[in-house]
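Asker: Sharing a structure below in structure tokens format, with a few things to ask.
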Amino acid sequence: MINTNISCYGCGVCSLVCKSFAITIQMSGDGFWQPKIDLTRCTNCGQCENVCSYTHPDIIQPKDKIESQAYSIVTKDRKLLSEVSSGGAGYELGKLFLKNNYKVFGVEYDNNKNIASHIVIKSENELKKIIGSKYLQSYTVDAFKQVDIKEKYIFFGCPCQIDSLRRFTRNKNIERNWFFVDFFCHGVPSYHLWEKYSRHYVKKNTRIMGVKFRDKCNGWHKSMTMTMTMTNSIIYSRTLRKNDYFLNMFFGNYVLNESCYNCKFHGLNSAADIRIGDFWGRKYKNNKTGVSGAIVLTQAGCDTIKKLYQSCIIHEEDINTLLEGQIVNEIKPPKNRRFILEKLKTNMFLPLLYFIFAYKRWLKNSIPIGIKKIIRKYF
Ligand SMILES: Cc1cc2nc3c(=O)[nH]c(=O)nc-3n(C[C@H](O)[C@H](O)[C@H](O)COP(=O)(O)OP(=O)(O)OC[C@H]3O[C@@H](n4cnc5c(N)ncnc54)[C@H](O)[C@@H]3O)c2cc1C
């Protein structure tokens with residue numbers, strides 16, 4: 001039986017394999033999805049532990065693993081490029097697999113519940129629902145209920161979700177029907193931050209209809225913008241650099257899930273066929289429209305990239321150039337993480353919370369760029 005007293009990845013695969021329906025995924029007191037076990041139903045069969053990425057110190061390796069290869073990918077569809085988070089590799093992969101009779105697992109923002117949820121997509125006209133990064137921990141359970149072991153799937157998700165799912169597919173002998181795409185993952189923040197933040201901007205009795213965590217209206221890179229909309233009108237839009245509270249507290253690692261701080265999936269460590277992400281770093285630093293970086297990890301991944309040349313501009317890249325802007329080591333939890341998590345549960349005014357606890361980011365964002373350049377040059 002998995003240990004539910006620790007803060008695991010919350011991927012939900014344990015609930016998918018539990019034949020006694022003893023496991024549900026619930027929101028923890030700190031605002032993260034966590035499994036709960038009904039001990040009166042549990043038969044101690046060990047299936048949940050067997051698939052759990054968190055309880056295995058190793059990463060499950062695909063059977064057709066190859067030496068990693070790096071690529072830059074940009075969709076040829078200019079309109080699409082303006083809507084996706086980086087270069088549109090995720091969308092183009094989804095489109096390709098749909099044409100080959102796969103179903104697509106991806107993440108949408110669920111405006112009824114104000115959460116990120118995995119959904120199953122069956123046709124190209126639905127694919128735009130999963131466009132864009134949602135910087136929230138996705139709820140997987142309802143989508144997992146739709147898994148049919150006779151069907152073929154491409155699954156987009158966090159590296160930890162994929163590690164557990166590959167274990168599930170291997171146990172069921174259906175691994176060859178699944179293609180896995182993960183991303184360089186920064187971690188997931190507490191839903192208490194998201195709830196406080198969205199409540200701060202949305203008036204009582206109104207509801208957010210759409211969120212773009214990575215709106216490109218001001219550019220890509222550091223001008224990334226958070227935009228929240230109601231029907232046809234923008235409620236709020238602010239860049240990371242202009243001290244958007246959510247993006248800064250997320251990228252500042254203040255309240256990530258505990259398991260994200262000692263994540264084993266940084267750099268090239270993955271159980272997926274392809275890892276995608278933003279091609280941060282120096283090579284594309286002046287690019288304003290977005291470039292995806294992709295690491296191909298398996299033979300199936302390699303065969304897939306060849307099929308993307310029709311819809312995307314693809315270049316082979318040096319792996320270290322691609323890794324330049326990525327997290328490659330463990331992230332240290334800030335000393336006051338517990339304190340901030342507790343404050344998020346109170347009525348404390350969000351701007352005050354931000355200025356007290358994230359004042360270093362506030363200062364960094366408030367110094368004019370010209371002065372920053374001088375500081376960098378002379379100090
Ligand atoms: C929580 C999180 C942290 C990330 N951290 C990094 C990072 O440190 N470095 C980096 O380079 N890239 C990171 N990314 C990935 C990056 O933001 C882009 O998603 C990636 O570059 C793909 O871009 P695209 O243009 O192909 O995306 P799109 O075509 O816009 O596709 C994005 C894909 O991501 C999936 N997705 C969105 N939100 C979630 C979620 N919450 N959980 C699981 N899957 C989701 C969608 O289903 C979709 O398939 C992160 C993404 C998330 C969600």
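The values are calculated or read from the model by the stated rules, or taken from the named source; none is laboratory data. Just so you know, these numbers come straight off a predicted model, no measurement behind them. A quick note on method: Cβ atoms are made from the backbone with ideal geometry, for glycine too, and the neighbour counts reach across all protein chains shown. Accessible surface is based on the protein model in full, side chains and every heavy atom, while ligands, DNA and RNA are left aside. Shrake-Rupley method; radii C 1.70, N 1.55, O 1.52, S 1.80 Å.
Asker: Looking at region 135-151, is at least one residue within 15 Å of the ligand (Cβ to nearest atom), touching an Asp or Glu at 6+ places or on another chain (Cβ under 6 Å) and outside any strand (DSSP E or B)?
Answerer: Looking for residues that are within 15 Å of the ligand (Cβ to nearest atom), touching an Asp or Glu at 6+ places or on another chain (Cβ under 6 Å) and outside any strand (DSSP E or B), one finds none in region 135-151, hence no.
Residues checked against (1) open to solvent by less than 30 Å² (accessible area, probe 1.4 Å); (2) under 19 Å from L247 (Cα atoms):
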{"residue": "I319", "(1), (2)": "no, no"}
{"residue": "E324", "(1), (2)": "no, no"}
{"residue": "N329", "(1), (2)": "no, no"}
{"residue": "F357", "(1), (2)": "yes, yes"}
{"residue": "K360", "(1), (2)": "no, yes"}
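Asker: Still on this structure: Looking at (1) of a type outside the set (K, R); (2) closer than 28 Å to H56 by Cα; (3) away from the ligand (no atom under 13 Å from the Cβ); (4) open to solvent by 10 Å² or more (accessible area, probe 1.4 Å), find the lone condition where C158 falls short.
Answerer: The one condition C158 does not meet is (3).
Asker: So the check is Cβ under 7 Å with 6+ separation or different chains; which pairs have a first residue in region 33-57 that's farther than 11 Å from F21 by Cα and in contact (Cβ under 8 Å) with a residue 12 or more places away in the chain and a second one that's surrounded by 14 or more Cβ atoms within 10 Å (Cβ to Cβ) and of a type in the set (D, E)?
Answerer: S53/D163; T55/E49
Asker: S117 - would you say it is in a strand (DSSP E or B) and open to solvent by less than 30 Å² (accessible area, probe 1.4 Å)?
Answerer: yes
Asker: Which of the residues belonging to region 268-282 are at pLDDT 95 or above and assigned to a loop (DSSP other than H, G, I, E, B)?
Answerer: L268, N269, S270, A271, A272, D273, F279 - these are the residues of region 268-282 that are at pLDDT 95 or above and assigned to a loop (DSSP other than H, G, I, E, B).
Asker: Could I ask something else about it? Condition check: at pLDDT 95 or above and farther than 30 Å from V296 by Cβ. Does H192 satisfy that?
Answerer: Considered against the rule, which asks whether it is at pLDDT 95 or above and farther than 30 Å from V296 by Cβ, H192 comes out as yes.
Asker: Quick one: in region 59-104, of everything that is free of Cβ contacts under 8 Å to residues at least 60 places away in the same chain and more than 14 Å from the ligand (Cβ to nearest atom), which residue is farthest from N171 (Cα to Cα)?
Answerer: Only one residue fits best here, namely K99.
Asker: Let me ask something else about it. Answer yes or no as to whether N112 is part of a loop (DSSP other than H, G, I, E, B), more than 10 Å from the ligand (Cβ to nearest atom) and surrounded by fewer than 20 Cβ atoms within 10 Å (Cβ to Cβ).
Answerer: yes
Asker: Within region 155-192, can you find the residues that are of a type in the set (F, W, Y) and assigned to a loop (DSSP other than H, G, I, E, B)?
Answerer: Scanning region 155-192 gives a single hit, F184.
Asker: Same structure, new question: Please determine whether any residue of region 123-132 is more than 9 Å from the ligand (Cβ to nearest atom), acidic (D, E), more than 21 Å from the chain's Cα centre (by Cα) and open to solvent by 40 Å² or more (accessible area, probe 1.4 Å).
Answerer: Yes, region 123-132 contains at least one residue that is more than 9 Å from the ligand (Cβ to nearest atom), acidic (D, E), more than 21 Å from the chain's Cα centre (by Cα) and open to solvent by 40 Å² or more (accessible area, probe 1.4 Å).
Asker: Let me spell it out: the conditions are (1) closer than 30 Å to S28 by Cα; (2) hydroxyl-bearing (S, T, Y); (3) open to solvent by 50 Å² or more (accessible area, probe 1.4 Å), and T140 meets all of them except one. Which number is the exception?
Answerer: (3)
Asker: Among the residues of region 161-179, write down those that are more than 10 Å from the ligand (Cβ to nearest atom) and under 14 Å from T140 (Cβ atoms).
Answerer: D163, S164, L165, F168
Asker: Can you find, within region 193-238, the residue that is farthest from G325 (Cα to Cα) among those that are open to solvent by 60 Å² or more (accessible area, probe 1.4 Å), outside any helix (DSSP H, G or I) and in contact (Cβ under 8 Å) with a residue 40 or more places away in the chain?
Answerer: R207
Asker: Next question. Counting only residues that are touching a strand residue (DSSP E or B) at 6+ places or on another chain (Cβ under 7 Å) and more than 11 Å from the ligand (Cβ to nearest atom), which one in region 272-297 is farthest from E67 (Cα to Cα)?
Answerer: For region 272-297, the residue satisfying everything is A272.
Asker: Would you point out which residue out of G106, G187, G87 is under 29 Å from K345 (Cα atoms) and touching a helix residue (DSSP H, G or I) at 6+ places or on another chain (Cβ under 8 Å)?
Answerer: Answer to the check: G187.
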